[in-house]
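For reference, the structure discussed in these notes is given below.
Rule-based calculations on the coordinates, nothing more; no lab input. Quantities reported herein were computed from a predicted structural model and do not represent experimental measurements. Positions of Cβ are backbone-derived with ideal geometry, glycine not excepted, and every protein chain shown enters the neighbour counts.
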């Protein structure tokens, strides 16, 4: 019988009977690798030679001077191969896939970083690869779609529902039901049925392990606060896990979209709109109506545009161990502009949510305080969205000329 792990009242494994044996196999395989110290060593070695681990922490001297409060550090997950923290989980699940003898991987993606990372892993390990992506996200993340295809992945547009991340997850599960004998579903965040939240948090914990040691080495003390954006929650759980047993305030920042009072947002825990329900195989807070139907969400950042949230984070919120805030699209664009001009950093729009909240709070903190922001990814993938938001005339001219060239 499938194991059902809960985090407080959240989590579980609400799955169709046809998938029970597949989940049993996955639970067994993951338990074996967790109990094998050689596996973690193999994983760390691959990440140190194939990606950029350990990723550094950067002292943001200009931010610190600008705000006049806490000393600000940035955990640089953007320096990973493929440009985001997603590769941490994907390479680990690739090793797990090999152990299970599977030959094909599937994945969902919103911002596209998980899709690119999965396609990259599949190319390295020799797996067949299929990526499901909502049509809306495909339109706003064209560069990532381009690279997924070049890496050899089949990218399938999802036309159901709102055509965003939640719909891509549903499509991936439908594929898995049909092809579970040779296929592993590389779920990209700390959501879904058990054991996925545990698997993803296990591999992403490398962020927090590194960050804690690095800040102690550089500052000689722990940070007062750690900030991370929260969509599903993998980068947040990853960095927060390094400080769970410390007197450190952990701050998760959700997508405030056009404002929490507008209904056009993706905030499940920082707003009053999130309610407890069961969907996509697990129990957590969702944005849903009184009948339990999932609501449409909005965020300028495709990776945060998700209707649910990690059961791990839901439990931590209930326990008072993580504080949740939100940042609007405009606040995010302002934070991105400041990061570009003050530090030469190009955070992904998802990561810029964490920057925005830290910028609100840093000025009121003491000069001896230290805070850390997790830059979960870089903004290359967001060039179309960012250029459109800035209404850059030279960029618009370039796009128009290219369109005319292709149509000629």
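Taking log10 I(q)/I(0) by the Debye sum over Cα atoms at q = 0.11 Å⁻¹ as the quantity of interest, determine which of (i) -0.83; (ii) -0.75; (iii) -0.97 was computed from the displayed structure.
Matching the structure shown: (ii).
Helix-derived [θ] at 222 nm for the chain: sum -39500 (n - 2.57) over DSSP H runs of at least 4, divide by residue count, nearest 500?
-14000 deg cm²/dmol
Given the options 291, 78, 137, which has the most mean-square fluctuation in a GNM of the chain, springs set between C-alpha atoms less than 10 angstrom apart?
Sorting by GNM fluctuation, first place goes to 291.
In square nanometres, what is the average projected area of the Cα convex hull of the range 188-250?
Reported value for the Cα convex hull: 4.2 nm².
Percent antiparallel among DSSP beta bridges with both residues in the chain, to the nearest 5?
That works out to approximately 35 percent antiparallel.
If you restrict to DSSP beta bridges whose two residues both lie in the range 213-346, what percentage is antiparallel, to the nearest 5?
45
Just 397, 367, 34 to compare: in a GNM of the chain, with alpha carbon springs under 10 Å, which one fluctuates most?
Maximum among the listed residues: 397.
If R0 is 51 Å, what FRET efficiency do you get for residue 81 and residue 272 from their C-beta distance, rounded to 0.05?
0.80
Over the chain, with a Gaussian network built from C-alpha contacts below 10 Å, which listed residue (312, 169, 276) shows the highest mean-square fluctuation?
Among 312, 169, 276, the largest mean-square fluctuation in the Gaussian network model of the chain belongs to 276.
Arranged from highest to lowest average of other beta-carbon atoms within 10 Å per residue, in what order do the peptides 348-358, 180-190, 384-394 appear?
Final packing ranking: 348-358, 180-190, 384-394.
If you average the alpha carbon positions of the range 74-110 and of the range 36-70, how far apart do those two centres end up, in angstrom?
Cα centroid to Cα centroid, the span is 16 Å.
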